[in-house]
1. Starting from residues that are hydroxyl-bearing (Ser, Thr, Tyr) and in a strand (DSSP E or B), keep the ones in the stretch 88-136 and report whichever is farthest from Ile16 (Cα to Cα).
2. Within the stretch 125-175, which residues are of a type in the set (Asp, Glu), at pLDDT 90 or above and out of contact with any Lys or Arg (no Cβ under 7 Å at 6 or more places or on another chain)?
3. Name the pairs: first residue in the stretch 67-79 and free of Cβ contacts under 8 Å to residues at least 60 places away in the same chain, second residue of a type outside the set (S, T, N, Q), Cβ to Cβ under 7 Å, at least 6 apart or on different chains?
4. Of the numbered conditions (1) at pLDDT below 95; (2) surrounded by fewer than 19 Cβ atoms within 10 Å (Cβ to Cβ), Tyr72 satisfies every one except a single condition; which is it?
5. Being part of a loop (DSSP other than H, G, I, E, B), within 19 Å of Ala93 (Cβ to Cβ) and at pLDDT below 95 narrows it down to one residue among Gly30, Gly46; which is it?
6. Just checking, which of Ala103, Ala124 is within 30 Å of Val186 (Cα to Cα), without any contact (Cβ under 8 Å) to a residue 40 or more places away in the chain and among the aliphatic types (A, V, I, L, M)?
7. Which of the residues belonging to the stretch 128-147 are under 24 Å from Ala73 (Cα atoms) and charged (D, E, K, R)?
8. Has the stretch 137-151 got any residue that is surrounded by 15 or more Cβ atoms within 10 Å (Cβ to Cβ) and assigned to a helix (DSSP H, G or I)?
Amino acid sequence: MTRILLLGGTGDALQIARSLGTPHVYSLAGLGSVPQRLVCGVRIGGFGGAAGLARYIEDEGITLVADATHPYAAQISANAAAACRTAGVPYWALRRAAWQAQAGDDWRMVDGWPGVCAALTPFARPLFTLGREALAHLDEIPAHQFWTVRCLDAHPGHARATVIDARGPFTVDGERALIASGGFDVIVSKNSGGAATEAKLVVARERGLPVVMVRRPHLPPADREFDEAGAMRDALCGLTRSVVE
């Protein structure tokens, strides 16, 4: 019997998980809300690294691991690839295409948080769209800056920072309104790819705003790679009759 372990936590992964039946398992790190109305099993929490994941695969009779985690979840993907090699099961991965700079874009490419901080030195009102990462640095805001941080979950700000909890997809009109009202002079982003959060880049291009863009990390090769969620879902459906249409 085919038994799939889907590693998720993204909108793409949830789309795939909604197609999986009872033998299969959707795994979440536990940082966000637990999705409702899934037919497949849901597992919350880590596995204990690559060795722990390999044990889980073997103990639970997993026959294929499908990695639909965020493009910046490099450690999870590395652990998954290593665990699959140890357990002798296929490792499939969703590799969402990165955004490409277009005419009129002003992207400042950086690696990691230190690069972000260095690139932001000339600016006063950055809009962070990196997820939770900036929240750990709210006590390190330079004296000349006021930060706005958009992430999935509510979090208290303070006199030098505003935190907006919002979940995509975001529209161009909505991003225009947000960016105009906030008076931002730079946007900070990961190159996540996909349509759900691309609108901010359209608006940055329209307004001539710089974008501090964090480069993607290296991800391990997979036995089979997909560039969009529907293709992975369809391939998984083709493996088993347990998929719920």
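1. My answer is Thr129.
2. Within the stretch 125-175, Glu133, Asp139, Glu140, Asp165, Asp173 qualify.
3. Final answer for the pair search is Asn79/Gly49; Asn79/Ala50; Asn79/Leu53.
4. So the condition that Tyr72 fails would be (2).
5. Gly46
6. Ala103
7. Scanning the stretch 128-147 gives Arg132, Glu133.
8. Within the stretch 137-151 (the criterion being surrounded by 15 or more Cβ atoms within 10 Å (Cβ to Cβ) and assigned to a helix (DSSP H, G or I)), the answer is yes, since at least one residue qualifies.
The values are calculated or read from the model by the stated rules, or taken from the named source; none is laboratory data. The structure displayed is predicted, hence computed values, not measured ones. Cβ: placed from backbone, ideal geometry, glycine included. Neighbour counts: every protein chain shown.
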